[in-house]
Amino acid sequence: MRSRNHKGNVFVGNLPPDFPDERLAEAFDPFGIVLSAAVARDPVTGARLRYGFVDIATEKAAKAAVAGLNGT
């Protein structure tokens with residue numbers, strides 16, 4: 001069984017209220033292979049929250065993405 005590490009897991013905050021998962025993945029795509037991208041949702045209402053998580057293939061790609069996208 002392959003163990004899973006989360007060195008490429010990035011928290012993304014201050015997203016617009018209607019920001020889709022696909023657009024979040026597209027923003028990180030230039031930095032490496034995006035394994036998953038999801039905007040958090042309210043468990044009761046299902047409304048999108050203003051933050052999400054992106055799992056990108058490597059820690060190096062995650063650091064490059066943070067440096068390149070921070071503040072955008």
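Can you tell me the orientation of helix 59-69 relative to the chain, as the angle in degrees between its alpha-carbon axis and the longest Cα principal axis, to the nearest 10?
Approximately 50 degrees, to the nearest 10.
Given the -39500 (n - 2.57) contribution per DSSP H run of 4+ residues, what per-residue ellipticity at 222 nm results for the chain, rounded to the nearest 500 deg cm²/dmol?
Numbers: 2 runs with 19 residues, N = 72.
Rounded to the nearest 500, the figure is -7500 deg cm²/dmol.
Using the Karplus curve 6.51 cos²θ - 1.76 cosθ + 1.60 with θ = phi - 60°, what ³J(HN,Hα) values do you get for each residue of segment 19-30, in whole Hz, with x for Gly and Pro?
Result, ordered by residue: 5, x, 4, 4, 5, 5, 4, 4, 5, 8, 4, x Hz.
Relative to a virtual label point 7 Å from the Cα of E22 in the Cα→beta-carbon direction, which members of segment 44-72 show backbone nitrogen distances below 18 Å?
48
What distance in nm separates the two pseudo spin-label positions at A67 and S36, each 7 Å out from Cα along the beta-carbon direction?
Taking the two extended label points, one gets 2.8 nm.
Pull up all non-local amide H partners of L49: gap of 5 or more, or a different chain, and H-to-H distance under 5 Å with H placed in the peptide plane.
Under 5 Å from the amide H of L49 lie the amide H atoms of A40, R41, D42, each far enough along the sequence or on another chain.
How do 45-57, 28-40, 12-24 rank on mean C-beta neighbours within 10 Å, highest first?
On the way: 45-57: 15.5, 28-40: 17.1, 12-24: 13.3.
In decreasing order of mean packing, 45-57, 28-40, 12-24 become 28-40, 45-57, 12-24.
Considering the convex hull of the alpha carbon atoms of the chain, report its projected area averaged over all viewing directions, in nm², one decimal.
So the mean shadow area of the Cα hull is 5.4 nm².
Let me check I've understood the local charge: for Y51, count other residues with C-beta under 12 angstrom from its C-beta, Lys and Arg +1, Asp and Glu -1. What total comes out? Kindly include the intermediate steps, with their values, before the conclusion.
Values: positive: R41, R48, R50; negative: D42.
After counting each charged neighbour, the total is +2.
Every number here is computed from the coordinates shown, using simple stated rules; none is lab data. None of the values given here were measured: they were computed from a predicted structure. Every residue, glycine among them, receives a Cβ derived from its backbone with ideal geometry; neighbour counts consider all protein chains shown.
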